[in-house]
Amino acid sequence: MNTKIITLNKLPVNKTGFIYNIKCSENVKRRLLDLGIVKNTCIKAILKSPSGGLKAFEIRGSLIAIRDEDSSLIQIYTK
Amino acid sequence: MGLTKSSMGNVLLNDDIKYYKNENGFTVALAGNPNVGKSTIFNSLTGLHQHTGNWPGKTVSNATGHCNYKDKDFLLVDIPGTYSILSDSQEEEIARDYICFGNPDATIVVVDATCLERNLNLVFQIMEITDNIIVCVNLLDEAKKKHIKINLKLLSDLLGVPVVGTIARKKKSLNNLLDTIYKVCNKDIIPSPKKIHYLPIIENKIELLNSKLKEFFDLSPVLYRWISLKLLDNEQSIIKSIENNLNINISNNVSINDLRIEIEKDLSNIGITKSNFKDTITSSIMQKAEKICNKVCTFENANYSSRDRKIDKILTSKTFGIPIMILFLGIIFWITIVGANYPSQMLFSFFGFIQEQLISFANYINCPVWLSDMLILGVFRTLTWIISVMLPPMAIFFPLFTFLEDLGYLPRIAFNMDGFFKKCCCSGKQMITMCMGFGCNAAGVTGCRIISFPRERLMAILTNSFVPCNGRFPFLITIATIFIASSIQGFAGSIVSTIAVMFVILLGIFMTLVISKILSKTILKGLPSSFVLELPPYRKPQFGKILVRSIFDRTLFVLGRAICVAAPAGLVIWIFANVGINGESLLNIIANFLNPFANLMGLDGYILTAFIFGIPANEIVLPIILMCYLGNGSLVNLDDTFAIGNILIQNGWTILTAINVMIFTCLHFPCTTTLLTIKKETGKWKWTILSFVIPTICGIILCMFTTLVYNIFVTI
């Protein structure tokens, strides 16, 4: 299988990936953990903000908006 | 965080809640993620209609309520919604401390049936601090719509605690919950939670710390494991709160500390460090949650959220997202303007009639003229003007706006606008607090708590009064109707008024962004920080409830406050207008004093005086202006807004005056309630004063600018 590691902000809309590593600051990371974002969690890019700079992702059945600054520190792998 | 009915719940202001204990019955805590219908359950069980939704409760007592079942009395405590209790944010601390140290007889964890997996995270975390858990799977109706089936019996077996399914909007479905609460409190059912087993090495270390703790402290059995876990995590703030609440001293215990440091070394040798300990813990929880969900949930339709996604694609699309947002706001204002016109007229004539009757009655009983004038022309007239001008727009605007809130649209606005706010180094959530500001700036300021970073929260607080609250927009509507749309009749006229009002509001939003940017470069230096926001699923609003809630909880509440201020203010203004030195009334003296400055702003002294007198409540600005113009006892019956318009025009109002009054209405000092709220929320007079000065200066400068431009045009 062809696995590729990219940062979450590069995940195109409607594509799916899996969390590999969260390199965000302690504070942000904690918040992501609270939402159930841990290693191997499936994540799908859904929406792009019209004003730019953030995307909404589907994670465990809910829709979570994350700014590019943060999502660029989250590594994911795609299959 | 979603901003539908129960999202914000009641923010408990202090930790006095610990002492909430039901002496004559049982105490039950209600915990859960934000936006799972927690407060709806709370309200249905207790029969309370608190300002749940988007207006965080102001007092602790708002968050508790009683309900009776069989022979027992239950005290329900509504805890702020949190995703987790691992962190140290204020709400999580309150939630954790109450469940852990408040010793409720049972803790209900409300979970969202449509999003069970993530919600179980909190359930497992709470299992670490108490055994008496009831899991309430709420929103089963939403789940059904999305074709998600949940095997509650199996879920209960897998969790080891009672599980009840509910549809909080249907009161009947809550009986089962009550019955379970009763049984758990009565010890007829004893939950035995199947806690998470973390990695064997971590479990092993927990055991070691457990036995060490048992040597030194005598605590309730469930707490040892939790304290050990927190020691492993080295969570100073939580350990501190444990020490304070249980009156024990762990951090200075050499023996425990040595063991902790030793364990820390052991763990870091195998790659578990302080920075990834939480990841490990959460991974274990989420793995178990996934497993459980795979067993208990059946998704009959894999694309269960496709409808929401389709709507989202449109509402947040690059081309239409923002225009749709403006359109929605415009439609709301248009309906308000059109709908409020006729009832306003009726109220004006009705009160005018009553006023005449009162005057003839006063004459009949030979009431001294000064007294009847003071009471009827001062107090009564101000009061009734406020009701006529304010009540209809509010009664229309609030339900419409609540509808958008309940739908779940506000977080989408934040999502759409976040890019702009990021450029100004603040949070998109500020947009949500601004929307709440439409209702009441004080509520908007309190709502700024949803912004977790102090710097960004301060920016949102300082700029909140840039959006006109409902005390101000009926005034905006009146002015727009009289001056900007007066020449155009009917439908087109109402559209023009709407556009004028929208323009002022967009100006407010624009100013918010500009001022935020300036603040972030000066006194609140900083870079944009993170923004993580849940966009909740759309929910069908309940029309009946919206009507009742927005009229009783909001409209009458806000109107009541305005009336309380208006009656004494009417009296004071009347006295100022009729008592004077050397035949000149005090009001005239003040107005004349302010006049030169007001002229620079394209206003007159009376208008500025009215704004100053209007500090207690912005609602009374227009009545004061009218009272000033009609001050000296001259009796005019106002039939509608156009009668008001005539008075204003007779007193020299031009289109420039109207525009500047609208600008200044949007950009001036907030009312006292808002200022006091700002003081309470920020704790500092410095920020309170700034929040007074910043919008005022903006308003003055802008008004002077338009006056200058207008005058240049006129001379050319």
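Bear in mind that the values in this text are calculations on the coordinates, not laboratory data. Only a predicted model underlies this, so the values are computations on that prediction, with no experimental measurement involved. In this analysis, Cβ positions are derived from the backbone assuming ideal geometry, glycine residues included, and neighbour counts consider all displayed protein chains.
What is the angle, in °, between the Cα long axis of helix B:586-600 and the longest principal axis of the Cα atoms in chain B? Nearest 10 is fine, range 0 to 90. Helix B:586-600 sits at roughly 80 degrees to that axis. Total lysine pairs in region A:4-78 at Cα distances under 22 Å, for residues eight or more apart or on different chains: 25. A simple count of charges around B:Ser192, restricted to other residues whose Cβ falls under 13 Å of its Cβ and scoring Lys, Arg +1 and Asp, Glu -1, yields +1. Using a cutoff of 8 angstrom between alpha carbon atoms and counting only pairs six or more residues apart, the relative contact order for chain A works out to 45 percent. All other residues whose Cβ lies under 11 angstrom from that of A:Ile66 are scored, Lys and Arg at +1 and Asp and Glu at -1, for a net of -2. Using alpha carbons only, how many angstrom separate the centre of region B:106-135 from the centre of region B:153-197? After rounding, the separation between the Cα centres reads 11 Å.
Summing Cβ point charges (Lys, Arg +1; Asp, Glu -1) relative to the Cα centre of the protein assembly as shown gives a dipole of roughly 2420 debye. Residues in region A:18-34 carry Karplus couplings, in order, of 10, 5, 10, 7, 10, 9, 5, 4, 3, 4, 5, 4, 4, 4, 5, 4, 4 Hz; the curve used is 6.51 cos²θ - 1.76 cosθ + 1.60 with θ = phi - 60°, and Gly or Pro positions show x.
Ranking B:Asn249, B:Gly339, B:Leu630 by how far each Cα lies toward the positive end of the dipole of chain B (charges on Cβ) leaves B:Gly339 at the top.
Taking amide H as placed 1.01 Å from N in the peptide plane, A:Leu63 has its amide H under 5 Å from the amide H of B:Leu535, each at least 5 places away in sequence or on another chain.
For B:Cys136, the residues whose modelled amide H falls within less than 5 Å of its own, excluding neighbours fewer than 5 places apart on the same chain, are B:Val109, B:Val110, B:Val111, B:Val164. Each 10 Å bin from zero holds the following percent of Cα-Cα pairs in region B:200-271: 20, 60, 19, 2. Each part gets one Cα centre, and for region B:458-491 versus region B:506-528 those centres are 22 Å apart.
Projecting the Cα atoms of B:Leu178, B:Leu229, B:Tyr198 onto the dipole axis of region B:163-259, where Lys and Arg carry +1 and Asp and Glu carry -1 at the beta carbon, places B:Leu178 farthest toward the positive end.
Work out the P(r) tail for chain B: percent of alpha carbon pairs separated by more than 46 Å, whole number.
Counting pairs separated by more than 46 Å, the tail of P(r) holds 30 percent.
Considering all C-alpha pairs of region B:405-556, those separated by over 19 Å amount to 59%.
In deg cm²/dmol and to the nearest 500, what is the mean residue ellipticity at 222 nm of the protein assembly as shown if only DSSP H runs of at least 4 residues count, each as -39500 (n - 2.57), divided by the residue total? Please list the in-between numbers first.
On the way: 32 runs with 444 residues, N = 795.
Dividing the helical sum by the residues of the protein assembly as shown leaves -18000 deg cm²/dmol.
Roughly how many whole Å is it from the C-alpha centroid of region B:636-715 to that of region B:555-630? Region B:636-715 and region B:555-630 have Cα centres separated by 13 Å.
Sequence-ordered 3J(HN,Hα) estimates for region B:162-174 from the Karplus curve with 6.51, -1.76 and 1.60 and θ = phi - 60° stand at x, 10, 10, x, 9, 10, 4, 6, 9, 4, 4, 5, 8 Hz, glycine and proline given as x.
Near A:Asn2, within a Cβ-to-Cβ distance under 15 Å, what is the net charge of the other residues, with Lys and Arg +1 and Asp and Glu -1? Net of charged neighbours comes to +3.
Report the antiparallel proportion of the DSSP beta bridges in the protein assembly as shown as a percent, rounded to a multiple of 5. Walk me through the intermediate numbers first.
Values: 37 of 56 bridges.
Of the beta bridges lying entirely in the protein assembly as shown, close to 65 percent run antiparallel.
Loop-located chymotrypsin sites (Phe, Trp or Tyr not before Pro) in region B:191-253 (DSSP state other than H, G, I, E, B) with a sparse environment of at most 10 neighbouring Cβ atoms within 10 Å are absent. Rounded to whole Å, the principal axis extents of the Cα atoms in the protein assembly as shown read 90, 63, 54, largest first. Rounded to the nearest Hz, the phi-derived 3J(HN,Hα) couplings of region B:569-582 under the Karplus curve 6.51 cos²θ - 1.76 cosθ + 1.60 (θ = phi - 60°) are 5, x, 5, 4, 4, 4, 4, 4, 7, 10, 9, x, 10, 6, where x marks glycine and proline. Angle of helix B:490-521 to the longest C-alpha principal axis of chain B, folded into 0 to 90 degrees and rounded to 10: 60°.
Could you work out how far helix B:321-364 tilts from the main Cα principal axis of chain B, as a 0 to 90 degree angle to the nearest 10? Orientation of helix B:321-364: about 60 degrees from the principal axis.
Both radii are taken from the alpha-carbon atoms of region B:518-664; with Rh as the Kirkwood radius, Rg/Rh is 1.13.
Close amide H partners of B:Tyr69, meaning residues 5 or more places away or on another chain with modelled amide H under 5 Å apart, are B:Phe74.
With charges set only on the Cβ (+1 for Lys and Arg, -1 for Asp and Glu), what does the dipole of chain B come to about its Cα centre, in debye to the nearest 20? Display every interim value, and only then the final one.
Values: 62 positive and 51 negative charges, 301 e Å.
Approximately 1440 debye in magnitude.
If eta is 1.567 mPa s and T is 4 °C, what Stokes-Einstein diffusion coefficient results for region B:106-207, Kirkwood Rh from Cα pairs, in µm²/s? Mind showing how you got there, number by number?
Numbers: Rh = 14.4 Å.
Estimated via Stokes-Einstein, D reaches 90 µm²/s.
Using the alpha carbons alone, the radius of gyration of region B:154-203 stands to its Kirkwood radius in an Rg to Rh ratio of 1.15. Considering only A:Ser72, A:Leu47, A:Leu11, and ranking their Cα positions along the charge dipole of region A:4-78 that arises from unit charges at the beta-carbon of Lys, Arg, Asp and Glu, the one farthest toward the positive end is A:Leu11. Viscosity 1.002 mPa s, temperature 20 °C: what is the translational diffusion coefficient of region A:4-78 from Stokes-Einstein with a Kirkwood Rh over Cα pairs, rounded to a whole number of µm²/s? Once the numbers are plugged in, D ends up at 180 µm²/s.
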